[in-house]
Amino acid sequence: MDESLSALLEREHHEIDAGVEAFVAGIPLGEVRADQLNRAADALRRHVYLEEEFLFPPLRVAGMLPPILVMLREHGQLWRTLDEVQAMDLAAEGVAAGQRCEQLLAQLAAHNTKEEPIIYPQGDAVLDETATTQLREFIRAGQLPDGWVCAQAHAGARTT
């Protein structure tokens with residue numbers, strides 16, 4: 001039997017978290033690896049895209065507008081934190097980047113503890129076969145379109 005969408009999406013959360021955690025863990029050892037951080041950042045941006053483009057629209061139609069609005073706002077916060085970290089000179093600002101990544105991990109933890117038990121099970125219940133197939137295919141092989149940014153990437157000020 002195929003893994004549920006919830007399980008697939010949660011696995012992506014764990015993989016993204018692990019990538020950021022590995023970057024942070026390397027800093028005190030003098031192992032500042034931009035490629036490691038960039039892979040995790042790319043995976044997070046792609047994950048936000050798949051949620052905003054494939055998962056959230058049918059959930060909005062199903063009446064979940066308030067929780068979707070919260071998720072969109074938090075995606076904007078995550079996106080802006082990623083932008084800040086990726087704008088840093090990691091060789092010169094490794095410790096500061098690590099601190100920003102720790103903030104990112106805290107944001108992810110708060111976000112995921114809402115998204116996983118509330119949004120994802122509704123996705124399993126609400127998405128029709130066509131939407132489920134499309135989302136599964138994107139999870140398997142989809143790419144973030146060039147230039148795409150999340151809906152709230154430029155909304156509001158950065159929060160700490």
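Distance between the 7 Å Cα→Cβ label points at ASP146 and VAL70: 3.8 nm.
Compared with the dominant Cα axis of the chain, that is its longest principal axis, helix 129-141 is turned about 20°. Cα centroid separation, the stretch 69-127 to the stretch 1-52: 10 Å. Charge tally for VAL95 (other residues, Cβ to Cβ under 14 Å; Lys, Arg +1; Asp, Glu -1): -3. Helix 5-26 and the long axis of the chain differ in direction by around 0°, with both axes built from C-alpha atoms.
Taking the number of Cβ atoms within 10 Å of each Cβ as an exposure proxy, the fewest-first ranking of GLU115, GLU93 is GLU93, GLU115.
Going by neighbour counts of Cβ atoms within 10 Å, the residues PHE138, PHE56 line up, fewest first, as PHE138, PHE56. Using the Karplus relation 6.51 cos²θ - 1.76 cosθ + 1.60 with θ = phi - 60°, the per-residue 3J(HN,Hα) values for the stretch 69-77 come to 4, 5, 4, 5, 4, 5, 4, x, 4 Hz, with x marking Gly and Pro. The relative contact order of the chain, computed from alpha carbon pairs under 8 Å that lie at least 6 residues apart in sequence, is 39 percent.
Rg to Rh ratio, the stretch 26-160, alpha-carbon atoms and Kirkwood radius? Don't skip to the answer; put the middle values down first.
Values: Rg = 16.1 Å, Rh = 16.0 Å.
Ratio value, two decimals: 1.00.
Within the shell defined by Cβ-Cβ distances under 14 Å, the residues around ARG46 carry a net charge of -4, with Lys and Arg each +1 and Asp and Glu each -1. Taking each DSSP H run with n ≥ 4 as -39500 (n - 2.57) and averaging over every residue of the chain yields -22000 deg cm²/dmol at 222 nm.
Every number here is computed from the coordinates shown, using simple stated rules; none is lab data. Just so it is clear, the model here is predicted, and its values are computed rather than measured. Glycine also receives a Cβ, built like all others from the backbone with ideal geometry; neighbour counts cover every protein chain displayed.
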